[in-house]
Every structure is written in C-alpha cells, then in structure tokens.
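First the structure, in the form of structure tokens, and then the observations on it.
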Amino acid sequence: MGHSRWNLQPPVPDKLLVNNTCGFSPLIVQLLYNRGLTEPSQLEAFIAADKRMMADPFLLPGMDRVVARIYQSLLTGENIAVYGDFDADGITATAVLVQGLTILGGKVVPYIPDRLTEGHGLRTAALEKLYHRGISLVITVDCGVTAVSQVEQAKSLGLDIIITDHHIPLSEIPPALAVVDPKLPDSAYPFSELAGVGVAFKLIQALFQGIGKEQQLDGWLDLVALGTVADMMPLLGENRYLVKQGLGLINNTPRLGVRELMAQAGLKIGSLDSGRVSWVIAPRLNAAGRLDHAMAGYELLMAESPSEAQRLAVWLEQKNAERQKLTADALAKAREQVLAKGISPLLMAGDRGYPGGIVGLVAGRLSEEFYRPAIVVKIGEKVSSGSCRSIPEFNITLALNQCSDLLSQFGGHSQAAGFTLPTENLIHLEQRMSRLAAIQLEGLDLRPRIDIDAEVSLADIGGDTFRTTQQLAPFGYGNPAPTFLSRGVEVVDCLTMGGTGEHLRLKLKQGGVVWGGVAFRLGGYLAEVSSPLDIVCNLEIDHWGDEARLRLNILDFAPTG
C-alpha cells in the first residue's frame, strides 16, 4: 500500500443529476457535489464565480462604527497608522488599506513589526512609538483580535484602535473602538474564511460604497488574491471570486512589483495560477519578513518606478535563496532531533541556532513528512518563540489555549499557530501538548488522507476532460484539483528521476490508451511498483521547452487487488 489513506467520495445523488438544468457533465456535477454544493443553483453560481459571491461589507461586526470613525479622521486630517503583519497576507492587507485610505485623502503611514526583534501582533512599545509620532488612530490588519492588554494600554495613552483581523478570537475581546473579524461569535457575515487582506478589502469596499467609488475596488483584487492564496485560506465562497478575479488582473496587467517578482522567478506574464502563487510568489514576498524586515515586500507591492521594483525584486530573490538554504539546514537538524526522540503523536524540536523566521517552515515540513502536529522552537536565554503546524485531526490553537498559563502570547488558526513563552516553561509545554495530542490522536490512522473525486478509466480522462475541469479553477486549499482513481493500470515503464531518485517517471497503459505520469516524492516506493497498479492522480500540463503536454500527476499507488 502507498503511504496515504484513500477516501473515495460517495456518488452524487440522482436528484442532483436529474435537476442539473445547466447542462453540466455528470463528472462536473460529481466534482461540485464533492465540494459541498448540493443545490442546482449553487452549481451554476460556483462555476460563474461572479459578483454574486460578494457579501455586503456592513454585515461584518463593527463595520458601521469603523466607517464613521474613519470618515471623521479624513475630515479632520488626523494621522492614521495601518498596523500590519510581516507575512504575505499582512503586507498585502497593509498595502490595500494604505492605498485605499490615501485615495480618500487620508494621512496614512504603514507599520509592520520586525519579526525577529518585535514578534507577531500588536506590541505596546510599537504603539507608544506611533503615539509619539503624532498618530491618534491605529487600524490593524491581519492581527490584533487577541491583543487585550495591548489595546487597554493604547487606550490609556489616548490612542483609538480599530482591529481588523481574521484569526480566531479568545473568550475576551480587546476593548477597541471596533473589532472587525468574520470569526467573532456575533458575526452575521455569511463567509467566515476571509484572509486578513480580504477583511481589509471589505473595509475599503464599505468606505468606497458610501461615496460611489465602487468601480475602483477591482484594482486591489490582485493583492487580495496574493494574500488569500499565500495564507492558505479555502478557495470557496467569496474567496473564490476574489482570487479568480485577482489572478485575472495579475495575468493581464500586473502591478510593477509583481511583474518584476515574476521576471526574477522566471514566470511568464499570463501564466500565474494559484499553485504558482503558493510555490513561487508567496515565498519570495515572505522571505523579507523571515530574514530581515518585511517592509521590503510591502515597498515592492507599492513600487511606482520600474527601477525601484527591479531593485526590490532582485533583493527578495536573494533573500529567498538564503531562506531556502537556512530552511534545509534547520530541517535536517530538527529531523534528527525528532527521530532521536522517537516518533510520538506530537513532534517537537528546539535549538538556539534556529532562525526565528523559518521555524514555521520547518514545522510545516515535519508535519507533512510524519503526519503529526509539529512544534519548532527558537530557544532564547529567557524567552523562546515557537511555530506550530498541525493536521486536520488536531486543532493546535485550541491545544495552545489549554496551555495559556505557560505562554506569554499565542494565536493562529486550527492548523497553524505561533507563541512566545518564558524559556523555563518549555519543558512543561512539551509535556502538556504531548499529553493532549496523545489523548486526541489515540487510535487514529495517522497517515495523510487523499480525497478521491471519482473512479475512472484512463480512457475517461482524455479528450476535453482537463479543459472541462478547469472551470472549477482556481484550485487550492478547500478546492483541490480534481483527483481520480484508476484501477488495474498496466505499467509499461518506470524510472526514477531527480538527482537523488526521489521521484518516479512512469508510462502507463489501460484499454489501448497510453499516458505518461510522474510520481513526485514517491521514489522510495520503487520496489512496490508492479503491474497492474491502482493509481490516484490529478491531470496536469507538463511544460517542457515550448511544448505543453498533458500528463498524470500520480499522488499514490498500490498493487491492484
């Protein structure tokens, strides 16, 4: 058996096929049904992915108060700071809000904390600094919903704080002027999975609607798409519309900074999809904040001259190469630590030498390889900071909440979070988190699960199947590329590829139809390749030189029967 659990989705109910008035093929109806769409009207809306997916920004909690307060500051010429975060979601959100408020005549400055010296989220020292610079209104993006004490201290200074965020709130909400977050318990907003940049965009939408400037909003959808994909938000509901439109904008008329970033990475204009945002663009935007200051990424997005855009894109390209090397070194060390302890339900590694900006990446790689929640800590003299990545079966932020007495600060999502704590508490945190993981994961089959959309023959997925399924793009988290199972496939040829032989290249045949396929990272299973095989795969285009050929991307395989 390969190394994943195969979960073949149940067939679509007959009534949905019968009521399919839009004329979609049975395969498309099945794919949409697998993505949670059970009404005929939903199928059509999903494929159209048009403005109907946009909800009224005033349904977000606190939006009325926020808009009134911002209009007041615009009238009085007050100094406003937009306080962001140092990841791609945070810098795109900062750029959207700064540009939007500037167009309205606002006097706005951006503030992005330094990951290495200040850490994530609202910081009292930073708020004091802004206050002494003459700022009287601070609007957060992509952070702040857990910053109760920081907001209290800011209020005592006389600062007004507006929080816009998309992270999970704690039981106590900060006493800000207003908190705009679709995840607040009293939110009436129909879609809770906006990215930080999505919430910032809704704020600009609310401000622009009131004065008839809605037609300008589309100009920021490129930034919304970048931040939403980079932050791994589900590409369903409103996010589907925002990302689809935003990718279209980048592929037609990319802003200077994005154009230069693509040129540095060797991407052609017009070729950007959500996968390339995840694997190529987002790591470069994030590289600044991981190793240096994230302002460079923000300035690239705001660049108005080609020479400045090029200078910043070249610098980010270098930082990204540096980041890759540091990640590989730290991962090798963390892997050793984890294996030395033995694979337990929760993996934890820590070292004084781990660069703080990459511990999240290392935790992600460990979690992916061993399919366990993973915590990687940069150990400091008195204070340590950690990053967590998890699996769907274990909500890491909920678990940290149960250890909050040991932590100075924490926050995040169900599968990705971060924290700081006194170094002396590390051993207690490891014991308690390990216990929680052992209890919750007991008896579970801890292997990644592949959800399979449909069982097909290799002949079924030829023709225009690929073109038809592209109607469901953009693919990504929450809306994965369609995945198929084919049983009893004959293996004509199989070779390893890649320097270390970590990938496989196969030639497969079934019922007179021959397909080429690649199995990335499955080189270690070469001994299990026999004929016939059952394979789980996606369809993808292989760009080789000037040629583009359709091939199978094999996710897993097992001997037939």
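The values are calculated or read from the model by the stated rules, or taken from the named source; none is laboratory data. None of these values were measured; they are calculated from a predicted model. Positions of Cβ are generated from backbone atoms using ideal geometry, with glycine treated the same way; all protein chains shown enter the neighbour counts.
Residues ALA349, ALA363, ALA309: which one is touching a residue at least 12 places away in the same chain (Cβ under 8 Å), buried (at least 17 other Cβ atoms within 10 Å of the Cβ) and either in contact with a Pro (Cβ under 8 Å, 6 or more places away or on another chain) or not in a helix (DSSP H, G or I) (or both)?
Details: ALA363 fails: either in contact with a Pro (Cβ under 8 Å, 6 or more places away or on another chain) or not in a helix (DSSP H, G or I) (or both); ALA309 fails: either in contact with a Pro (Cβ under 8 Å, 6 or more places away or on another chain) or not in a helix (DSSP H, G or I) (or both).
Only one candidate qualifies: ALA349.
Only one entry of LEU235, LEU242, LEU285, LEU261 meets the criterion of being buried (at least 17 other Cβ atoms within 10 Å of the Cβ), in contact with a Ser or Thr (Cβ under 7 Å, 6 or more places away or on another chain) and part of a helix (DSSP H, G or I), and that entry is LEU242.
Conditions (1) out of contact with any Pro (no Cβ under 7 Å at 6 or more places or on another chain); (2) more than 28 Å from PRO355 (Cα to Cα); (3) part of a strand (DSSP E or B); (4) in the same structural domain as ILE535 (by TED's automatic domain parsing), marked per residue:
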position	(1), (2), (3), (4)
GLU381	yes, no, no, no
SER384	yes, no, yes, no
ILE391	no, no, no, no
ALA399	yes, no, no, no
ASP405	yes, no, no, no
THR420	yes, no, yes, no
GLU430	yes, no, no, no
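If you go through the stretch 23-51 and keep only what is part of a helix (DSSP H, G or I), at pLDDT 90 or above and among the charged types (D, E, K, R), you end up with just LYS51.
The residues listed here are ARG276, ARG255; of these, the one that is under 26 Å from GLU193 (Cβ atoms), crowded, with 16+ Cβ neighbours inside 10 Å and within 15 Å of the chain's Cα centre (by Cα) is ARG276. On the basis of being over 28 Å from the mean Cα position of the chain (by Cα), in contact (Cβ under 8 Å) with a residue 24 or more places away in the chain and surrounded by fewer than 19 Cβ atoms within 10 Å (Cβ to Cβ), does GLU528 make the cut? It is true that GLU528 is over 28 Å from the mean Cα position of the chain (by Cα), in contact (Cβ under 8 Å) with a residue 24 or more places away in the chain and surrounded by fewer than 19 Cβ atoms within 10 Å (Cβ to Cβ).
Inside the stretch 158-172, residues that are more than 19 Å from ILE91 (Cα to Cα), of a type in the set (A, V, I, L, M) and out of contact with any Leu (no Cβ under 7 Å at 6 or more places or on another chain) make up a count of 2.
The residues on offer are ARG432, ARG467, ARG389, and the sole one that is of a type in the set (Lys, Arg) and under 30 Å from ALA48 (Cβ atoms) is ARG467. Filtered by the rule that a residue be of a type in the set (Gly, Ala, Ser) and crowded, with 16+ Cβ neighbours inside 10 Å, the stretch 288-306 gives ALA288, GLY289, ALA294, ALA296, GLY297, ALA303. Apart from one condition, TYR33 fits all of (1) within 20 Å of ALA154 (Cα to Cα); (2) within 26 Å of the chain's Cα centre (by Cα); the exception is (1). Only strands (runs of 3 or more DSSP E) whose full extent lies in the stretch 52-167 are considered here, and none of them has at least 2 residues that are at pLDDT below 95.
Might you let me know whether the stretch 52-73 holds any residue that is touching a Gly at 6+ places or on another chain (Cβ under 8 Å), within 26 Å of ALA126 (Cα to Cα) and hydrophobic (A, V, I, L, M, F, W, C)? Within the stretch 52-73 (the criterion being touching a Gly at 6+ places or on another chain (Cβ under 8 Å), within 26 Å of ALA126 (Cα to Cα) and hydrophobic (A, V, I, L, M, F, W, C)), the answer is yes, since at least one residue qualifies.
Go through the stretch 366-384 and give me each residue that's crowded, with 22+ Cβ neighbours inside 10 Å and of a type in the set (Ser, Thr, Tyr). Scanning the stretch 366-384 gives SER367, SER384.
Contact map, the stretch 407-418: first residue farther than 11 Å from GLY386 by Cβ and without any contact (Cβ under 8 Å) to a residue 60 or more places away in the chain, second residue of a type in the set (Ser, Thr, Tyr) and assigned to a loop (DSSP other than H, G, I, E, B), Cβ cut-off under 6 Å, separation 6 or more or different chains; pairs are GLN415/SER390.
What single numbered condition from (1) at pLDDT 95 or above; (2) under 21 Å from THR164 (Cα atoms); (3) of a type outside the set (Ser, Thr, Tyr) fails to hold for GLN245? The one condition GLN245 does not meet is (2).
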